[in-house]
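Remarks on the structure that follows.
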Amino acid sequence: QVHLVESGGGLVQAGGSLRLSCAASGSNLRINSMHWYRQAPGNQREWVASITGLGTTNYADSVKGRFTISRDNPKNTVYLQMNTLKPEDTAVYYCYVAGPVNRYWGRGTQVTVSS
């Protein structure tokens with residue numbers, strides 16, 4: 001069983017910054033790609049950013065230039081640095097990790113950006 005522990009969410013004013021963390025734990029971890037998704041009330045879950053096992057990154061157009069995804073492999077942790085936050089970034093943010101066979105979702109952390 002793999003557990004994902006997310007942290008860093010909260011309330012911030014527009015233009016501010018937050019850094020989300022997601023740490024994976026369990027036995028025989030074999031993690032390849034790591035991802036962030038988000039879901040606002042009434043919307044479907046959307047992809048935000050990805051990082052491969054070798055460090056290649058990709059971003060949704062809505063966050064390019066503002067968000068940065070990174071990982072610390074010895075700590076089995078993925079980060080999402082969010083700068084210049086906008087009210088439309090308000091959502092529950094979910095960590096998603098994938099191994100050769102199994103895939104895991106975090107329970108989500110709330111990010112609220114006030115106008």
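The values are calculated or read from the model by the stated rules, or taken from the named source; none is laboratory data. All values derive from a computational prediction rather than experimental measurement. In this analysis, Cβ positions are derived from the backbone assuming ideal geometry, glycine residues included, and neighbour counts consider all displayed protein chains. These area figures cover heavy atoms from the full protein model, side chains too; ligands, DNA and RNA do not enter into them. Shrake-Rupley method; radii C 1.70, N 1.55, O 1.52, S 1.80 Å.
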Original post:
So which residues in the stretch 58-80 are open to solvent by 60 Å² or more (accessible area, probe 1.4 Å) and not small (Gly, Ala, Ser), if there are any at all?
Top reply: Asn58, Asp61, Lys64, Thr68, Asn73, Pro74, Lys75
**OP:** Please identify the pairs in which a residue from the stretch 50-71 that is of a type in the set (Val, Ile, Thr) has its Cβ atom under 6 Å from the Cβ atom of a residue that is part of a loop (DSSP other than H, G, I, E, B) and open to solvent by 20 Å² or more (accessible area, probe 1.4 Å), counting only partners at least 6 apart or on another chain.
**Re:** Thr52/Ser33
Subject >> Near pairs, Cβ below 6 angstrom, 6+ apart or cross-chain, from the stretch 99-115 (in a loop (DSSP other than H, G, I, E, B) and open to solvent by less than 50 Å² (accessible area, probe 1.4 Å)) to any residue that is at pLDDT 95 or above and aliphatic (A, V, I, L, M) >> reply: Gly108/Val92
Original post:
Out of the residues in the stretch 1-49 that are of a type in the set (Ser, Thr, Tyr) and touching a residue at least 12 places away in the same chain (Cβ under 8 Å), which is surrounded by the most Cβ atoms within 10 Å (Cβ to Cβ)?
Top reply: Tyr37
Original post:
Applying the selection to the stretch 81-98, what residues are open to solvent by 20 Å² or more (accessible area, probe 1.4 Å) and either more than 15 Å from Leu29 (Cα to Cα) or more than 13 Å from the chain's Cα centre (by Cα) (or both)?
Top reply: Gln81, Asn83, Thr84, Lys86, Pro87, Glu88, Thr90, Val92, Tyr94
